[in-house]
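Only one structure is covered here, and it is reproduced in the block below.
The values are calculated or read from the model by the stated rules, or taken from the named source; none is laboratory data. Everything quoted here is computed from the prediction, not taken from an experiment. Cβ coordinates were reconstructed from backbone atoms using ideal geometry, including for glycine residues, and neighbour counts include every protein chain displayed.
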Amino acid sequence: MLAINANRLNARLQAFAAIGGTTKGGVNRQALTEGDRRARRLLAELATARGFRVFQDPIANLFVWRNGRDETLPPLLIGSHLDSQPAGGRFDGALGTLSAFEVLESLEDAGTITDRSVVVVVWTNEEGCRFSPGCMGSMAFSEGAIPGLWQDKNATDGARFAEELSLTIQSLPEAAMVPLGFPVHAYLEVHIEQGPSLEAAGIPIGVVKGIQGTRWLDVTIKGQTAHAGTTGLSWRRDPLRALTSAFSNLYNTVMPGDPEARFTIGRISARPGSVNAIPEEVHCTIDIRHPDPGRLDEIEMFVRSQIGEEADTHGCRVQILCAFDMPACGFSEPLREVISHAASVCKVQSMPMLSGAFHDALFVNRIAPAGMIFVPCRDGLSHNEDEYVEQEHIVMGCEVLAQATLLAANCMDPFPDCTALHTIEPTF
Ligand code: HGY
Ligand code: MN
Ligand code: MN
């Protein structure tokens with residue numbers, strides 16, 4: 001077994017939690033902000049101090065490279081992300097990234113040379129909350145290109161993507177540039193479950209079977225602004241009234257009617273935003289998810305029809321754009337067996353499960369076998385500053401990653417071609 005240094009891992013988690021740390025104990029370290037750049041810089045400094053090579057690619061994915069015996073072999077990639085939600089937790093992303101770095105340091109401490117190089121990766125903008133869509137880094141890596149329309153994207157705080165990306169790359173001049181995308185043997189990621197299943201089952205490790213589908217809709221509905229006091233009901237073309245009527249039907253139907261469906265309105269704004277003027281225009285985001293692609297299509301159609309009907313009723317015009325479509329995926333069986341075996345080597349219980357959250361592994365899975373190791377988080381709470389992971393689970397997740405890394409980095413049999421299975425039985 002490869003021993004890890006739990007104290008060092010905890011110290012790292014503390015140090016990174018302080019970057020963008022909030023008064024409530026969470027983090028606000030959104031993608032491509034100064035906080036994100038500081039976290040990348042700290043990791044690069046720690047890596048250089050251990051003699052690892054540091055690289056970055058044109059979408060600012062960060063790589064920490066430890067040579068294996070045969071450098072010509074595609075490396076094993078392990079990692080996660082460091083960007084966070086605006087009111088996020090200190091473990092979402094950071095736990096996987098720092099567990100991966102701990103494995104690299106432990107290999108170095110033990111003087112263990114793996115057949116393949118092992119590379120820690122920090123994916124750019126996994127969350128997608130400042131710049132939509134999410135998983136920009138892993139998506140661009142798997143596709144080998146940065147979509148042109150991303151360059152002019154504006155952040156929720158008004159910043160322009162191209163400028164923030166260039167600032168981020170320039171902030172780490174010692175990280176040599178590598179082209180976007182390179183051959184990868186396999187990918188492993190530790191992450192908190194961000195849901196209640198493991199804690200409820202009393203099992204410390206989840207072997208992720210796949211990720212459900214996610215779709216983000218951008219809704220703009222236009223009516224007519226008018227005086228709040230003088231405009232009677234029959235004169236009103238109120239977009240907020242239309243949208244809230246549609247929302248009431250959607251909230252009362254989508255999730256109550258299907259326990260596996262997810263429907264979330266995360267952001268809403270009204271213009272001109274005056275207390276005594278009927279809104280002219282309302283914008284909102286809608287996040288829908290489901291393990292079954294057919295059901296995800298049905299939910300999207302239902303959302304569109306409900307909003308369209310209410311807009312017609314209230315004399316408003318509506319535009320609904322699909323800002324992010326992330327089809328469900330299934331992870332490679334052989335790599336899941338490697339993770340299950342690693343858990344048994346560590347003498348910890350594991351169970352197969354589906355991921356309700358999306359992750360970079362979904363995109364990496366399109367070019368190489370990808371696998372995820374989940375650990376429980378208290379009350380299943382995440383995307384919340386109270387996010388918390390028990391100490392023993394932090395250690396178990398890293399130890400399973402360490403053993404799985406030894407197995408995968410020394411496994412010479414190429415995994416069967418990884419096909420992203422689009423329909424997976426949900427195990428919520
Ligand atoms: O939204 C998600 O599923 C991921 O946690 N960013
Ligand atoms: Mn995450
Ligand atoms: Mn997240």
Could you go through the stretch 324-334 and let me know if any residue there is more than 19 Å from His283 (Cβ to Cβ), in the same structural domain as Tyr187 (by TED's automatic domain parsing) and assigned to a helix (DSSP H, G or I). yes
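Counting residues that are charged (D, E, K, R) and at negative phi, which strands (runs of 3 or more DSSP E) fully inside the stretch 1-113 reach at least 3?
On the way: elements: 53-56, 62-66, 76-81.
Hits in the stretch 1-113: none.
Filter the stretch 70-95 for residues that are farther than 23 Å from Asp115 by Cβ and out of contact with any Cys (no Cβ under 8 Å at 6 or more places or on another chain) and give the result. Before the answer, list the steps.
Of the residues in the stretch 70-95, the ones farther than 23 Å from Asp115 by Cβ are 80-95.
Selection gives Ser80, His81, Leu82, Asp83, Ser84, Ala87, Gly88, Arg90, Asp92, Gly93, Ala94, Leu95.
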Residues of the stretch 375-411 satisfying the condition of being over 22 Å from Gly25 (Cβ atoms), at pLDDT 95 or above and not aliphatic (A, V, I, L, M): Glu399, Gln403, Thr405
Could you grab me the full set of residues in the stretch 372-392 that are on the phi > 0 side of the Ramachandran plot and more than 12 Å from ligand 1 (Cβ to nearest atom)? Asp379, Gly380
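When you scan the stretch 370-379, do you find a residue that is part of a loop (DSSP other than H, G, I, E, B), within 14 Å of ligand 3 (Cβ to nearest atom) and buried (at least 17 other Cβ atoms within 10 Å of the Cβ), even just one?
Initially, the stretch 370-379 is screened for residues part of a loop (DSSP other than H, G, I, E, B), giving 376-377.
In the following step, the residues that additionally are within 14 Å of ligand 3 (Cβ to nearest atom) were identified as 377.
Still in the running and buried (at least 17 other Cβ atoms within 10 Å of the Cβ): 377.
Yes, the stretch 370-379 contains a residue that is part of a loop (DSSP other than H, G, I, E, B), within 14 Å of ligand 3 (Cβ to nearest atom) and buried (at least 17 other Cβ atoms within 10 Å of the Cβ).
Listed residues Gly206, Gly181, Gly223, Gly213; which is on the phi > 0 side of the Ramachandran plot and in contact (Cβ under 8 Å) with a residue 12 or more places away in the chain? Break it down stepwise before answering.
Numbers: Gly206 fails: on the phi > 0 side of the Ramachandran plot; Gly223 fails: on the phi > 0 side of the Ramachandran plot; Gly213 fails: on the phi > 0 side of the Ramachandran plot.
It is Gly181.
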Kindly indicate whether Val122 is within 16 Å of ligand 1 (Cβ to nearest atom) and assigned to a strand (DSSP E or B). yes
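Out of curiosity, is Glu189 of a type in the set (Asp, Glu) and either crowded, with 20+ Cβ neighbours inside 10 Å or touching a Leu at 6+ places or on another chain (Cβ under 7 Å) (or both)?
Details: of a type in the set (Asp, Glu): yes; either crowded, with 20+ Cβ neighbours inside 10 Å or touching a Leu at 6+ places or on another chain (Cβ under 7 Å) (or both): yes.
In short, yes.
This table checks each residue for (1) aliphatic (A, V, I, L, M); (2) away from ligand 3 (no atom under 16 Å from the Cβ); (3) over 18 Å from the mean Cα position of the chain (by Cα).
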{"position": "Ser106", "(1), (2), (3)": "no, yes, yes"}
{"position": "Ala110", "(1), (2), (3)": "yes, yes, yes"}
{"position": "Cys129", "(1), (2), (3)": "no, no, no"}
{"position": "Arg160", "(1), (2), (3)": "no, yes, yes"}
When you scan the stretch 215-233, how many residues do you find that are surrounded by fewer than 16 Cβ atoms within 10 Å (Cβ to Cβ) and of a type in the set (D, E, K, R)? 0
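Hey, could you check the stretch 138-154 for residues that are closer than 22 Å to Ala357 by Cα and more than 14 Å from ligand 3 (Cβ to nearest atom) and say which is surrounded by the fewest Cβ atoms within 10 Å (Cβ to Cβ)?
Pass one, the stretch 138-154, residues closer than 22 Å to Ala357 by Cα: 138-143.
Imposing the further condition that a residue be more than 14 Å from ligand 3 (Cβ to nearest atom) reduces the set to 139-143.
Working: Met139: 25, Ala140: 24, Phe141: 28, Ser142: 21, Glu143: 14.
My answer is Glu143.
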Test of understanding: among Leu77, Leu82, Leu95, Leu107, which residue is touching a strand residue (DSSP E or B) at 6+ places or on another chain (Cβ under 9 Å), within 26 Å of Glu193 (Cβ to Cβ) and more than 16 Å from ligand 1 (Cβ to nearest atom)? Leu77
Could you please tell me which pairs satisfy a Cβ distance under 8 Å, a separation of 6+ or placement on different chains, a first residue in the stretch 371-391 that is within 20 Å of Pro352 (Cα to Cα), and a second residue that is within 13 Å of ligand 2 (Cβ to nearest atom) and in a helix (DSSP H, G or I)? Gly371/Ala361; Met372/Ala361; Val375/Leu95; Val389/Leu95
